[in-house]
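Peer 1: Dumping the structure here so I can ask a few things about it.
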2 protein chains.
Amino acid sequence: MNAVGLIVEYNPFHNGHAFHLNASKEAANADVVIAVMSGNFLQRGEPALVSKWYRTRMALLNGVDIVFELPYRFAVQKAEIFANGAVSILDAAGCNAVCFGSESGDLASFLKTIDFLTEQQEQLEENIHRFIETGVSYPKAVSLAYHQLSDSNSYLDLAKPNNILGIEYIKAIKNQRSSLHPLTVARKNADYHDEHFASETIASATSIRKAIFSKECDTFSIEQYVPGPTKQLLLDYYNEYQVFHQWENYWNYLHFRLIQSSTEELKEIYEVEEGLENRLLQAAFISDSFQEFMEKIKTKRYTWTRLRRLCVHILTNTKKEQMAGPEDKASYLRLLGMTDTGKEYLNKRKKDFALPLVSKLSSYKEKDILLDLKAARIYSLGVAHHKTKELMNQEFKQQPIWIEKR
Amino acid sequence: MNAVGLIVEYNPFHNGHAFHLNASKEAANADVVIAVMSGNFLQRGEPALVSKWYRTRMALLNGVDIVFELPYRFAVQKAEIFANGAVSILDAAGCNAVCFGSESGDLASFLKTIDFLTEQQEQLEENIHRFIETGVSYPKAVSLAYHQLSDSNSYLDLAKPNNILGIEYIKAIKNQRSSLHPLTVARKNADYHDEHFASETIASATSIRKAIFSKECDTFSIEQYVPGPTKQLLLDYYNEYQVFHQWENYWNYLHFRLIQSSTEELKEIYEVEEGLENRLLQAAFISDSFQEFMEKIKTKRYTWTRLRRLCVHILTNTKKEQMAGPEDKASYLRLLGMTDTGKEYLNKRKKDFALPLVSKLSSYKEKDILLDLKAARIYSLGVAHHKTKELMNQEFKQQPIWIEKR
């Protein structure tokens, strides 16, 4: 069985994802689609709209055969570490290829850009350093330094997050000496950052979330942009837990934790660096909402994403030493769900998996997986009060979701 | 000017307190009444019904002339440390006497009991140790051991919290070689622990709080038991902050903090000892309310009060080393409020005070006072959301309350 791997967040699964899924399957000539998906907290440093279990269902009902969780230690991270974790999981699960979406859809331009970045590394680092000294954020400095060096249009635009991720996937494959084939398919007209609907059927997850939050629970406003199962699962989730998760649901907890913390404790938190702890504390005392807090701590030096991720780590109390493991490889395959086809694949192939297959948390103890467990427990504080306990304890005993033949 | 010192919590100030205040003033032949009052968290391990500022107003409008705050490091503590802190403040503020309420109203029985406890100390400790080994709590073991030894009725009943406090006040005076005169006046018929109203005008603070919480904001049910200013200030507080504080208002924060903590972090918290950290964590995962949580962690070994205090320390993130200062003396006099008479007293006497007089937090940095500040900030998370920020920042700038001539 030929397996293609996808690296996803599905927040929520929309028509653009369906397009990417089918195009990937075709491009890789695959029988099985394996997704590695961020858990309850995402790379952008946000809680997912709905829990990883509901997002797993969305994936399975829309054509994915197996969903593995990208551990918290890789999911709430900058592109390089995120990519390393994801690639290591798809590789360990026996995928033949990984297929990512990109603006260009042209693998050659990725390879060319990577070669260029490697050749010019020294000069590039010098330029990045110079830009950082002017006070801009690291990603911005990279982009500026790169544009200063690359005069040709055949190189990728590094200001686009999907290009950065694509580059990191390919670099991870190289560094890990993985036999995964990198593939890319062109994305349908929706920019990652788009906040407005720009087509009849394809919209960015950002614009879809925005529509959802502007009307809560009125999923009709998004129904042309998402497949039926997504709409149904969003409705079900809202009916069950009375919330679509967003940062403001966790603000009171973040606020409280900041107020009760010492600067010494804050300095132990992953990504809290260079005196940020004082800035965080001062802002906490005078902010009424997460939005207000973020505006107070923002400087040119740090991106919004970096600061939101840091807030996630404060919320989950994740310390530097807990994130300090080997940066490039996951140590387990946490199975969130499968279809019949997925099950068949697992039965045939799991004995060859390079990492232990974990179906239930209660049967596996490992440093990284305890972070996933804690993240799930903290996430459950965001749902309607009377459902918290149930959700908090479910995580420990939950069996992988199994979707039988459709 | 002759000053009598009172050690109080006024949660809230009721007719029994008014009686005690007047009787104390008379017994000491005093011109000035100085109260040292617990701040926002109390010796029983609970948030105060209303903030220390409103309770200061109650005190001043009902006959107290000066209110000092008993620092958190002494207030949320067992009787011995509580008494040491309180006595050291009244002593430093130049009081001639301290007058406490007791069931007997007879100082001789206190002195006799203390002598007995001193003489029999060795035997008593042996007996206490033996009772503790049967699994009972420390206070219970003390009471049992003591009753086993004391056959005479002229000794005090150590099962009564007011008697224990009284004994500790006198011991503190002795140990600190203070020149304070201990005095006691008989309490009017209301047991500390009474939950029901037992007289026409005097009721315990416990029964008054119970009545308040059973009807929120309907202060008419308690008006025969509290002076007019108390009733008015309770109404004002509720109108302004939309809450009377109780543990359940802080449960979500305690819950969150337990869930995000490691057992190692919990072990650093003051009073978390002997494997309690695991018990706390396990109970947190399966509790929906503070009440439920407390019932799950309770054992014969620990009193409710001890466990509630421990929860306050988790809430305020107060660590063992932060409470580790010299146990017997406060290091500042934090002025919460004064009347004209109080002001006159301060002007005449403050140059002789044995401790620095602190009128504003922003003008004084000291280890203990930062605990008071943090406790006030955490307390402010319990009020209506839109008032939190204001209350949180008020603490730092607040001037002492000054009640002009009535």
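Peer 1: Among the listed residues A:Gly94, A:Gly135, A:Gly101, A:Gly85, identify the single one that is touching a residue at least 60 places away in the same chain (Cβ under 8 Å), over 26 Å from A:Arg44 (Cβ atoms) and either outside any strand (DSSP E or B) or under 27 Å from the mean Cα position of the chain (by Cα) (or both). Quick ask: steps written out before the conclusion?
Peer 2: Details: A:Gly135 fails: over 26 Å from A:Arg44 (Cβ atoms); A:Gly101 fails: over 26 Å from A:Arg44 (Cβ atoms); A:Gly85 fails: over 26 Å from A:Arg44 (Cβ atoms).
Matching residue, one of A:Gly94, A:Gly135, A:Gly101, A:Gly85: A:Gly94.
Peer 1: Right, next: Please verify whether the stretch B:270-284 includes one or more residues that are charged (D, E, K, R) and under 21 Å from A:Glu268 (Cβ atoms).
Peer 2: From the stretch B:270-284, those charged (D, E, K, R) are B:271, B:273-274, B:277, B:279; that's our starting set.
Retained after the next criterion (residues that are under 21 Å from A:Glu268 (Cβ atoms)): B:277.
Yes, the stretch B:270-284 contains at least one residue that is charged (D, E, K, R) and under 21 Å from A:Glu268 (Cβ atoms).
Peer 1: Sticking with this structure for a sec: Condition first: away from every other protein chain (no Cβ under 13 Å), closer than 16 Å to A:Gly85 by Cα and of a type in the set (Phe, Trp, Tyr). Can you find one or more residues in the stretch A:357-370 that meet it?
Peer 2: Among the residues of the stretch A:357-370, not one is away from every other protein chain (no Cβ under 13 Å), closer than 16 Å to A:Gly85 by Cα and of a type in the set (Phe, Trp, Tyr), which makes the answer no.
Peer 1: Is it true that some residue in the stretch A:298-311 is within 14 Å of chain B (Cβ to nearest Cβ) and of a type outside the set (D, E, K, R)? Walk me through it before giving the result.
Peer 2: Initial filter on the stretch A:298-311 (within 14 Å of chain B (Cβ to nearest Cβ)): A:311.
Checking which are of a type outside the set (D, E, K, R) leaves us with A:311.
Yes, that holds for at least one residue.
Peer 1: Out of all the residues in the stretch B:327-347, which are closer than 12 Å to B:Asp368 by Cα and of a type in the set (Phe, Trp, Tyr)?
Peer 2: Once the filter is applied, which keeps residues that are closer than 12 Å to B:Asp368 by Cα and of a type in the set (Phe, Trp, Tyr), the stretch B:327-347 yields only B:Tyr332.
Peer 1: Turning to a different aspect of this structure: So, of the residues in the stretch B:208-226 that are part of a loop (DSSP other than H, G, I, E, B) and touching a helix residue (DSSP H, G or I) at 6+ places or on another chain (Cβ under 6 Å), which turns out to be modelled with the highest pLDDT? If you could, list the steps in order and put the result at the bottom.
Peer 2: Within the stretch B:208-226, the subset part of a loop (DSSP other than H, G, I, E, B) is B:216-218, B:223-226.
Applying the additional criterion that residues be touching a helix residue (DSSP H, G or I) at 6+ places or on another chain (Cβ under 6 Å) yields B:217, B:223, B:225.
Working: B:Cys217: 51, B:Glu223: 87, B:Tyr225: 92.
Residue satisfying both the conditions and the ranking: B:Tyr225.
Peer 1: Name the pairs: first residue in the stretch A:242-265 and free of Cβ contacts under 8 Å to residues at least 60 places away in the same chain, second residue assigned to a loop (DSSP other than H, G, I, E, B), Cβ to Cβ under 7 Å, at least 6 apart or on different chains?
Peer 2: Taking only residues 6 or more apart or on different chains, the pairs are A:Glu248/A:Ser289; A:Trp251/A:Ser289; A:Phe256/B:Leu381; A:Gln260/B:Thr316; A:Gln260/B:Asn317; A:Ser261/B:Asn317.
Peer 1: Can you go through A:Ile403, A:Ile369 and tell me which one is within 27 Å of A:Val32 (Cα to Cα), touching a Gly at 6+ places or on another chain (Cβ under 9 Å) and in contact (Cβ under 8 Å) with a residue 60 or more places away in the chain? So that I can check it myself, show each step before the final result.
Peer 2: Details: A:Ile369 fails: touching a Gly at 6+ places or on another chain (Cβ under 9 Å).
On inspection, the qualifying residue turns out to be A:Ile403.
Peer 1: A further question on this structure: I'd like the full set of residues that are assigned to a helix (DSSP H, G or I), hydroxyl-bearing (Ser, Thr, Tyr) and surrounded by fewer than 18 Cβ atoms within 10 Å (Cβ to Cβ), limited to the stretch A:353-393.
Peer 2: Start the filter on the stretch A:353-393 by keeping residues that are assigned to a helix (DSSP H, G or I), which leaves A:361-363, A:367-380, A:385-393.
Checking which are hydroxyl-bearing (Ser, Thr, Tyr) leaves us with A:362-363, A:379-380, A:388.
Within the stretch A:353-393, A:Ser362, A:Ser363 meet the criteria.
Peer 1: So is B:Asn40 among the polar types (S, T, N, Q) and touching a Gly at 6+ places or on another chain (Cβ under 8 Å) or not?
Peer 2: Values: among the polar types (S, T, N, Q): yes; touching a Gly at 6+ places or on another chain (Cβ under 8 Å): no.
The answer is no for B:Asn40.
Peer 1: Looking at this structure, is A:Ala375 within 14 Å of another protein chain (Cβ to nearest Cβ) and either of a type in the set (Gly, Ala, Ser) or within 25 Å of A:Val50 (Cα to Cα) (or both)?
Peer 2: Details: within 14 Å of another protein chain (Cβ to nearest Cβ): yes; either of a type in the set (Gly, Ala, Ser) or within 25 Å of A:Val50 (Cα to Cα) (or both): yes.
Yes, satisfied.
The values are calculated or read from the model by the stated rules, or taken from the named source; none is laboratory data. As the structure is a prediction and not an experimental result, all values here were calculated from the model. Don't worry about glycine lacking a Cβ; one is built from the backbone with ideal geometry, like all the others, and counts go over all protein chains shown.
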